[in-house]
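Everything on this sheet refers to the single structure shown next.
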Amino acid sequence: MANSSRISGFFRLSPAERRHIIVDWVAVSPEQRATLEAVLAEPGGLGLTQADKMVENVVGTYALPLGIATNFVVNGQDVLIPMVIEEPSVVAGASFAAKLARAGGGFHAETTEPSMIGQIQVLDLDDPGAAAEKLLAQRARLIDLANRTDPVVVSLRGGARDLEVRAIPQSPAGPMLVAHLIYDCRDAMGANMVNTACEALAPLVEEITGGRVNLRILSNLADRRLARARCVIPARALDINENKPGFSEKPGLSMPGELVAERIVEAYALAAVDPYRAATHNKGIMNGIDAVVIATGNDWRAVEAGAHAYAARDGQYRSLSTWSLSPDGALVGSLELPLAVGTVGGATRVHPVARAALQILGVSRARDLAAIIASVGLAQNLAALRALATEGIQRGHMALHARQVAVAAGAMGDEVDRLAAAMVAERTIRTDRAAELLAELRQETEYT
């Protein structure tokens with residue numbers, strides 16, 4: 001395995017050259033190398049026959065770019081990050097932020113036990129409080145029954161851990177009871193095993209309480225399954241001293257790292273108190289998180305739902321991350337959110353690219369995957385805050401977006417880079433202007 005995720009000039013290489021580096025990074029047998037190379041080279045990485053077995057009414061497949069973020073160090077280990085996303089500047093931003101974090105030792109991440117919550121809703125109760133006491137008195141019996149639904153996960157030291165009960169005296173449907181089955185899913189995301197256990201418990205819950213069970217399903221607010229990431233970036237690593245003009249007519253931007261750090265903290269402060277800013281702030285975090293979740297075949301919709309619910313857990317929607325200055329002026333960032341991801345089951349084992357992504361990451365445990373994903377989310381947040389607090393978000397983003405605009409205008413081959421460069425130079429990145437420039441470019445080419 002390559003000994004560093006710091007790959008100089010990676011973005012300048014062709015897709016084939018990058019692919020060879022990734023295959024060398026994984027360092028598997030010749031047969032596995034050939035398979036991995038083929039999977040990464042195949043558009044979409046998923047055949048129609050295989051897709052037809054994954055979901056209903058299949059008529060084709062839909063491909064998105066698979067990029068690799070470089071420079072990451074997570075818990076002392078160099079990691080290359082597979083990211084599936086259609087938005088330009090996300091992979092570049094994560095890679096740049098990871099480079100900044102390397103100066104302080106990279107990212108340090110941890111996770112709690114992979115425990116999910118299954119909810120059982122009980123209605124038609126005369127006394128929800130009394131029914132709750134009855135259920136708690138039968139806790140051991142209920143946990144034992146839940147564990148009999150999946151002896152395999154129990155053999156792996158997972159399974160039902162506890163039962164918690166809440167009486168809800170008022171709701172649109174009247175008084176009710178909700179029981180929470182706490183279930184350790186090990187290396188699975190766990191929706192299927194938790195839902196199966198809840199459904200198995202429903203008849204016994206009705207027998208004990210005398211009520212009627214309606215819902216019995218997993219909760220995506222996985223606040224028992226948290227991932228936390230942290231980084232400390234020395235102020236000197238944040239120095240900006242550009243000697244070349246960028247996406248502006250102004251001279252290259254210069255700013256001492258101490259000032260950059262202060263402005264990042266100020267930018268975070270608005271997200272800490274204002275939900276309008278927090279929504280966009282957290283969206284930036286999820287740009288990085290979702291891209292890795294999708295790449296590894298996990299349920300990004302469940303992760304999104306849990307993250308945003310967690311951001312509002314105290315009654316106001318807030319930032320998922322925090323940023324502050326240490327006594328010596330270093331920038332300190334941290335991120336905490338629910339991360340229910342798996343390395344076994346579902347698309348993680350069915351989709352060829354998802355399997356390849358896990359190989360590239362070098363993880364087999366769900367908790368290790370969650371730690372890496374949280375680190376990517378924090379990196380993405382750092383990249384966005386740094387841009388917002390210094391040069392503005394559009395300078396870098398629009399320069400990278402220019403290639404997409406060029407393609408949308410009909411540019412092909414080397415026309416794409418030439419057209420993108422022309423739009424960046426005149427600071428006008430729009431499809432209508434791209435079409436005009438493309439016509440001029442082709443006219444010039446015709447006469448030369």
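Glu110 to Arg157: FRET efficiency via 1/(1 + (r/R0)^6), r the Cβ-Cβ distance, R0 30 Å, to the nearest 0.05?
Efficiency for this residue pair is about 0.95.
Nearest 0.05, what FRET efficiency do Leu48 and Arg430 give at R0 = 30 Å with Cβ-Cβ as r?
Step by step, r from the Cβ atoms, then E = 0.25.
Only Cα pairs within less than 10 Å get springs; with that Gaussian network setup on the chain, which residue of Pro43, Pro175, Pro30 has the largest fluctuation?
Pro30
Longest segment of the chain with no GluC sites (Glu not before Pro) in a DSSP loop having at most 16 other Cβ atoms within 10 Å?
Counting at most 16 other Cβ atoms within 10 Å as exposed, the longest clean stretch of the chain is 250-448.
Report the label-to-label distance for Glu266 and Arg212 in nanometres (one decimal), using points 7 Å from each Cα along the Cα→Cβ vector.
6.0
Relative to a virtual label point 7 Å from the Cα of Arg141 in the Cα→beta-carbon direction, which members of the stretch 158-186 show backbone nitrogen distances below 16 Å?
Residues passing the 16 Å test: 163.
Could you give the semi-axes, largest first, of the ellipsoid that matches the stretch 396-446, computed as the square roots of 5 times the alpha carbon gyration tensor eigenvalues and rounded to whole Å?
16, 10, 9
Taking just the C-alpha trace of the stretch 122-161, give me its Rg and Dmax in Å.
My reading of the Cα-based Rg and Dmax gives 13.4, 41 Å.
With N denoting the number of residues in the chain, provide Rg(C-alpha) divided by 2.2 N^0.38 Å, to two decimal places.
So the chain has a normalised radius of gyration of 1.12.
Would you kindly work out the equivalent ellipsoid of the stretch 100-219 from its C-alpha gyration tensor and give its semi-axes, the square roots of five times the eigenvalues, largest first in whole Å?
Computed over the stretch 100-219, the values are 32, 18, 11 Å.
For the pair Ala200 and Gln77, how long in nm is the line joining their label points, each one 7 Å along Cα→Cβ?
3.2
Trypsin sites (Lys or Arg not before Pro) within the stretch 301-387: which are DSSP loop residues with at most 13 other Cβ atoms inside 10 Å?
Answer by residue number: Arg313.
Just the number: Rg to Rh for the stretch 13-120, Cα atoms, Kirkwood Rh, two decimals.
Dividing the radius of gyration by the Kirkwood radius yields 1.05.
Taking other Cβ within 10 Å of each residue's Cβ, how do Ser334, Ser14 sort, fewest first?
Going from sparsest to densest Cβ surroundings: Ser14, Ser334.
So what's the back-of-envelope 222 nm ellipticity for the chain, counting only DSSP H runs of four-plus at -39500 (n - 2.57) apiece and dividing by all residues, rounded to 500?
My calculation for the chain gives -15500 deg cm²/dmol from helical runs alone.
Could you pull out which residues in the stretch 54-84 have an amide N less than 13 Å from a spot 7 Å beyond the Cα of Val350, following the Cα-Cβ vector?
54-58, by backbone N distance to the label point.
Any idea how far apart Met412 and Arg301 come out in nm if each label point goes 7 Å out from Cα toward Cβ?
Reported label-point gap for Met412 and Arg301 is 3.8 nm.
Please check which bits of the stretch 84-108 a label hung off Lys283 would reach, taking the label as a point 7 Å along Cα-to-C-beta and the cut-off as backbone N under 20 Å.
Of the residues in the stretch 84-108, 84-94 have backbone N under 20 Å from the label point off Lys283.
No lab work stands behind these numbers, since they all come straight from the coordinates. Keep in mind it's a predicted model, so treat the numbers as computed, not measured. A quick note on method: Cβ atoms are made from the backbone with ideal geometry, for glycine too, and the neighbour counts reach across all protein chains shown.
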